[in-house]
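Working notes for the structure below.
Read-outs throughout are calculated quantities, based only on the coordinates presented, and are distinct from any laboratory measurement. Just so you know, these numbers come straight off a predicted model, no measurement behind them. Ideal geometry is used to build each Cβ from the backbone, glycine not excepted, and the neighbour counts take in all protein chains shown.
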């Protein structure tokens with residue numbers, strides 16, 4: 001039963017990480033990020049107690065709420081990143097497919113190195129890391145960069161908790177995620193103020 005839920009979480013990660021790449025509206029991106037943290041919570045339940053796994057989803061939702069509230073107060077429209085061909089939707093789908101192929105090839109070796117964490121857990125974490133890196137390489141938008149960094153850290157958290165599941169490490173990673181959301185919000189506000197002043 002737990003294995004079934006883990007694979008459902010991997011499917012959710014595939015859908016949300018691809019959706020984050022293709023989404024043009026910031027509201028859709030925030031929703032996808034929140035759902036991604038639910039999938040992360042499901043994957044963490046196999047290796048952490050319910051209370052510690054809950055911390056990850058609560059911190060993720062708080063970070064998404066911080067980013068969403070900040071972005072809702074910004075009046076300057078986002079840069080249209082779809083105008084250049086290498087950044088178009090077809091290219092992003094192709095790049096996401098390449099990340100999926102690489103993850104499928106690397107997962108068994110990483111799973112063996114990580115003391116047999118489980119194929120589903122390893123696949124989910126590597127997908128998050130790979131799609132987050134791809135996200136970072138395709139955008140110049142502050143909100144999207146922050147979401148990409150949060151996605152990478154989510155994948156790292158899932159993979160690392162197999163090795164070390166202590167309360168202190170969980171708290172430290174939660175503080176890092178919240179700090180990243182706050183820094184992203186600050187940078188969005190600073191960019192908005194600068195662009196509004198120059199207009």
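With the cut-off at 1.5 for a/c, could you classify region 1-147 from its C-alpha gyration tensor as rounded, prolate or oblate?
Working: a/c = 2.65, a/b = 1.35, b/c = 1.95.
Oblate is the answer for region 1-147, as a/c is 1.5 or above yet b/c matches or exceeds a/b.
Using only the Cα atoms of region 66-189, build the gyration tensor, take square roots of its eigenvalues as a ≥ b ≥ c, and label the shape rounded, prolate or oblate: rounded if a/c is under 1.5, else prolate if a/b is larger than b/c, else oblate.
Numbers: a/c = 4.03, a/b = 1.29, b/c = 3.13.
Oblate, because a/c is 1.5 or more while a/b does not exceed b/c.
Ratio of region 148-190's C-alpha Rg to 2.2 N^0.38 Å, to two decimals? If you can, show how the numbers build up before the last one.
Details: Rg = 11.9 Å, N = 43, 2.2 N^0.38 = 9.2 Å.
This ratio for region 148-190 stands at 1.30.
Listing 37, 186 from the residue with the fewest other Cβ atoms within 10 Å to the one with the most, what is the order?
Values: 37 22, 186 12.
So the residues, fewest neighbours to most, are 186, 37.
Based on alpha-carbon centroids, what's the gap between region 145-199 and region 1-32 in Å, whole number please?
18 Å
Separation between the residue 182 and residue 58 pseudo-spin-labels, each 7 Å from Cα along Cα→Cβ, expressed in nm?
About 1.7 nm separates the two model spin labels.
For a Förster distance of 41 Å, can you work out the FRET efficiency between the beta-carbons of residue 72 and residue 109, rounded to the nearest 0.05?
On the way: r = 43 Å, r/R0 = 1.05.
Efficiency computed from Cβ-Cβ geometry: 0.40.
What is the extension gain from residue 175 to residue 98, computed as 0.36 nm multiplied by their sequence separation minus the C-alpha to C-alpha distance, in nm to one decimal? Mind dumping the intermediate values first?
Numbers: separation 77, 0.36 × 77 = 27.72 nm, distance 3.22 nm.
So the chain would gain 24.5 nm between residue 175 and residue 98.
With everything on Cα atoms, drop me the angle between helix 89-113 and the longest principal axis of the chain, reported from 0 to 90° to the nearest 10.
Rounded to the nearest ten degrees, it is 30.
If you rank 162, 35 by fewest surrounding Cβ atoms within 10 Å, what's the result?
On the way: 162 20, 35 17.
Exposure proxy ranking, most exposed first: 35, 162.
Once you have the Cα-Cα distance between residue 166 and residue 116, take 0.36 nm times their residue separation minus that, and quote the gain in nm to one decimal. Walk me through the numbers before you get to the answer.
Details: separation 50, 0.36 × 50 = 18.00 nm, distance 1.87 nm.
Extra length available between residue 166 and residue 116 comes to 16.1 nm.
Would you list 193, 122, 4 from fewest to most Cβ contacts within 10 Å? Intermediate values should be presented prior to the final figure.
Working: 193 12, 122 26, 4 9.
By the 10 Å Cβ count, ascending, the order reads 4, 193, 122.
Cα-based Rg of region 90-131 per 2.2 N^0.38 Å, rounded to two decimals? Kindly include the intermediate steps, with their values, before the conclusion.
Numbers: Rg = 10.9 Å, N = 42, 2.2 N^0.38 = 9.1 Å.
In units of the 2.2 N^0.38 Å rule of thumb, it is 1.20.
Does region 107-167 classify as rounded, prolate or oblate by the C-alpha gyration tensor (a ≥ b ≥ c root eigenvalues; a/c under 1.5 gives rounded; else a/b over b/c gives prolate, otherwise oblate)?
Values: a/c = 3.94, a/b = 1.91, b/c = 2.06.
Since a/c reaches 1.5 but b/c is at least a/b, the shape of region 107-167 is classed as oblate.
Per DSSP H run of n ≥ 4, the term is -39500 (n - 2.57); total these for the chain, divide by its residue number, and report the mean residue ellipticity at 222 nm rounded to 500 deg cm²/dmol. Before the final figure, lay out each step's value.
Values: 7 runs with 161 residues, N = 199.
That comes out to -28500 deg cm²/dmol.
For region 1-44, calculate the relative contact order in percent as a whole number, restricting contacts to Cα pairs under 8 Å that are 6 or more residues apart.
Details: 26 pairs, mean separation 21.8, N = 44.
Relative contact order, region 1-44: 50 percent.
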